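Visitor: Mind having a look at this structure? Questions to follow.
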Amino acid sequence: MAMATLPLFHHLPTLSNPKSPTILRPRLPTSQRTFHLSILSCSSTSQSPEANLQSAESCVNLGLQLFSKGRVKEALVQFEAALNMDPNPMEAQAAFYNKACCHAYRGEGKKAADCLRVALREYNLKFGTILNDPDLASFRALPEFKELQEEARMGGEDIGYGFRRDLKLISEVQAPFRGVRRFFYVALSAAAGISLLFNIPRLFRAIQGGDGAPDVWETAGNLAVNVGGIIVFVALFLWDNKKEEEQLAQISRNETLSRLPLRLSTNRIVELVQLRDTVRPVILAGKKETVSSAIQKAERFRTELLRRGVLLVPVIWGEGREPQIEKKGFGAPAAAATALPSIGEDFEKRAQSITAKSKLKAEIRFRAEVISPAEWESWIRDQQKSEGVTPGEDVYIILRLDGRIRRSGRGMPDWQKIIEELPPMEALLSKLEK
């Protein structure tokens with residue numbers, strides 16, 4: 001099962017007003033927000049606060065200021081005011097997105113989903129922005145997010161086709177001959193249908209008999225072959241469609257998995273996608289006693305598991321509370337902001353460099369801590385449903401170096417077998433796995 005990152009996911013673009021020093025942009029992840037948001041010129045000598053409040057752009061900027069200070073209710077008022085000021089598409093997109101983030105923070109999942117639907121449908125919001133923003137982690141653990149993601153996967157007028165189009169691009173790369181197969185299914189079904197149209201009147205003539213009448217059994221046999229061919233090719237076409245939908249659903253789940261956050265032993269927070277080509281994460285999900293026992297057993301094989309790039313990721317059922325991270329409202333303190341990695345396109349560009357890869361590798365130890373346990377648990381339960389496993393059972397999931405799922409199973413893993421199965425990081429097979 002592939003875990004691919006959608007290629008078209010980007011943060012929302014910036015909108016600036018040439019007549020004003022303020023900058024309107026959608027709310028970025030916490031790690032980026034402190035140095036991307038300019039301060040609204042409430043204390044500026046060139047403009048008064050009242051003047052700033054006369055446009056949708058200034059309302060969004062003021063809302064972002066309040067938002068970063070944790071004054072969520074007041075920020076909501078500003079975003080709603082911006083939407084009542086005949087905003088341009090970019091202003092409306094930013095207002096709806098940030099309004100959704102306010103609702104998510106307040107635990108209002110339905111209102112957050114409604115705002116995001118409007119932004120996706122009418123203002124070309126990328127679904128990857130919703131997946132990437134750590135401040136929407138609590139929303140992604142709610143049923144409303146699952147409904148929104150399913151709607152986006154299926155596409156339609158109510159949600160837009162952008163996310164489904166991106167998923168289909170990945171699907172076509174993973175199954176490049178599906179289009180060719182479908183073409184032959186349609187072509188052969190059409191040929192059988194045309195032949196059937198000619199054989200039906202021949203069968204009537206054969207039944208009536210007379211001079212020159214075709215043989216009844218031969219004609220009936222040809223007719224049966226045509227009908228059977230149509231049934232088989234239509235069934236294959238529908239089966240292929242079903243497999244594509246299952247694949248799109250899995251790609252969507254894998255995209256969610258790739259964006260789940262982890263805390264490394266150095267207290268650095270990264271997304272799972274940032275560990276590709278560096279480690280083989282082994283997710284251990286279950287009751288606390290079971291997972292703790294599995295980790296203790298893994299300690300006996302620590303050296304050999306580290307040689308194979310194994311990183312333990314324990315997920316305890318029911319521990320859905322967020323860890324205490326020092327922050328002020330939605331913003332992060334300046335010191336913390338510099339320590340956290342950027343999440344999104346900017347970080348991925350840096351992560352491609354050898355220096356960034358080496359630094360990240362040096363910070364990885366034997367075990368990582370999950371951030372947003374409820375989001376991790378929600379993903380694992382969805383994965384269990386897709387594989388016919390009862391949600392809530394103890395399971396383990398082993399990922400490859402390239403991020404794809406290598407295998408999974410009920411209970412906890414046999415570490416000796418894993419050592420025998422996984423090649424060392426320096427081995428040729430590990431290099432081919434990247």
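Visitor: Would you mind working out the magnitude of the charge dipole of segment 176-254 relative to its Cα centre, with +1 at each Lys and Arg C-beta and -1 at each Asp and Glu C-beta, to the nearest 20 Debye? Kindly include the intermediate steps, with their values, before the conclusion.
Guide: Working: 8 positive and 7 negative charges, 67 e Å.
My answer is approximately 320 debye.
Visitor: Now a separate question. May I ask you to give the solvent-accessible area per residue for segment 192-281, in square angstrom, as obtained with a 1.4 angstrom probe?
Guide: 49 Å²
Visitor: Would you work out what percent of the accessible area of segment 54-158, with all protein chains in place, is carbon or sulfur (probe 1.4 Å)?
Guide: Carbon and sulfur atoms account for 48 percent of the accessible area of segment 54-158.
Visitor: Right, here's the next one. Hey, rough spin-label estimate for residue 150 and residue 227, points 7 angstrom out along Cα→Cβ, what's it come to in nanometres?
Guide: 3.8 nm
Visitor: Assuming R0 = 35 Å, what is the FRET efficiency of residue 295 and residue 246, from their Cβ-Cβ distance, to the nearest 0.05? Could the numbers behind the result be given before it?
Guide: On the way: r = 33 Å, r/R0 = 0.94.
In this case the efficiency is close to 0.60.
Visitor: Keeping all protein chains in position, work out how much accessible area residue 102 exposes to a 1.4 Å probe, and write it in Å² to the nearest 10.
Guide: 0 Å²
Visitor: To the nearest 0.05, how large is the calculated FRET efficiency for residue 429 and residue 207 if R₀ is 45 Å and r is the Cβ-Cβ distance?
Guide: 0.10
Visitor: Taking Cα pairs under 8 Å and at least six residues apart, what relative contact order does segment 176-254 come out at, in percent?
Guide: With pairs under 8 Å counted, the relative contact order is 40 percent.
Visitor: How about residue 110: which aspartates and glutamates have a C-alpha closer than 16 Å to its C-alpha, ignoring those fewer than 8 places off in the same chain?
Guide: 144, 147, 150, 151, 158
Visitor: Be a star and scan segment 110-138 for residues whose amide nitrogen sits under 17 Å from the point 7 Å along the Cα-to-Cβ vector of residue 88.
Guide: It comes to 123-125, nothing else.
Visitor: In the structure shown, do any of 99/243; 69/146; 69/111; 168/434; 111/168 have a Cα-Cα gap over 27 Å, and if so which?
Guide: Working: 99/243 37 Å; 69/146 29 Å; 69/111 22 Å; 168/434 23 Å; 111/168 29 Å.
Those over the limit are 99/243; 69/146; 111/168.
Visitor: Moving on. How much of the accessible area of segment 176-254, probe 1.4 Å, is carbon plus sulfur, in whole percent? Kindly include the intermediate steps, with their values, before the conclusion.
Guide: Working: 3620 of 4980 Å².
After summing per-atom areas, the C and S share lands at 73 percent.
The values are calculated or read from the model by the stated rules, or taken from the named source; none is laboratory data. Bear in mind that the values here come from a model prediction, so they are computed numbers and not experimental data. Positions of Cβ are generated from backbone atoms using ideal geometry, with glycine treated the same way; all protein chains shown enter the neighbour counts. Accessible surface areas use protein heavy atoms only, side chains included; no ligands, DNA or RNA. Shrake-Rupley method; radii C 1.70, N 1.55, O 1.52, S 1.80 Å.
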